[in-house]
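The values are calculated or read from the model by the stated rules, or taken from the named source; none is laboratory data. Everything numeric here is computed off the predicted structure, so don't read it as measured data. Positions of Cβ are backbone-derived with ideal geometry, glycine not excepted, and every protein chain shown enters the neighbour counts.
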Amino acid sequence: MESRQPVGRVEDNTQVSGSPGRRRRSLARRGEALAALWLRLQGFVIEARNWRGGFGEIDIVARRRQMWVFVEVKTRRASDRFEPEEAVDRRKREQIVRLSRAYVASRHLGDVPCRFDVIAIRWAGWLPRLRHYRDAFRADGLV
């Protein structure tokens, strides 16, 4: 019989061995899964996860009513020195804006309202701390 997880809690009992890069990707996947769950609980529809353009990837594309939200998810371990959101520098913001424009064009959405959010997750054992920065940055003046 398959055990079910309660809503709002993410557990991952898998052991990840191998290279540090593989462990980092596993941590990022758990963070993105938690962020998508959080957004769904907040009333968003997840339109795409890990959408790839020619020059990068958007972690989550979500929509609530008419607002399209492009979400960058940053996940770190509790032992890391820096906060996850510090990794979303100007270069990363510019990349996200370019990718969001490519996404909108590829879907023929026209001139739709959109915003850019950052979800920062710090994982301490089984207890993640999630911070959702709504409208974390603007496209104005970036590209």
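Kindly indicate which of Glu72, Glu94 is closer than 27 Å to Leu127 by Cα and not basic (Lys, Arg). Spell out how you get there, then give the answer.
Numbers: Glu94 fails: closer than 27 Å to Leu127 by Cα.
The conditions single out Glu72.
Out of the residues in region 127-143 meeting the condition of being over 17 Å from Lys74 (Cα atoms) and in contact (Cβ under 8 Å) with a residue 12 or more places away in the chain, tell me which one is surrounded by the most Cβ atoms within 10 Å (Cβ to Cβ). By that ranking, first place goes to Ala139.
The single condition among (1) in contact with an Asp or Glu (Cβ under 7 Å, 6 or more places away or on another chain); (2) assigned to a strand (DSSP E or B); (3) not aliphatic (A, V, I, L, M) that Arg30 does not meet is (2).
Sub-7 Å Cβ pairs linking a first residue in region 20-43 that is modelled with pLDDT of 85 or more to a second residue that is of a type in the set (Lys, Arg), at least 6 apart or interchain, are Glu32/Arg49; Ala36/Arg49; Gly43/Arg64, ordered by first then second residue.
Okay, residues lined up against (1) under 19 Å from Gly31 (Cα atoms); (2) over 18 Å from the mean Cα position of the chain (by Cα); (3) among the acidic types (Asp, Glu):
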site	(1), (2), (3)
Met67	no, no, no
Arg91	no, no, no
Ser100	no, no, no
Asp117	yes, no, yes
Ala124	yes, yes, no
Leu130	yes, no, no
Asp135	no, no, yes
Arg138	no, no, no
Gly141	no, yes, no
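Scan region 59-111 residue by residue and report those that are of a type in the set (S, T, N, Q), loosely packed, with under 12 Cβ neighbours inside 10 Å and under 19 Å from Arg134 (Cα atoms). Residue satisfying the conditions is Gln66 alone.
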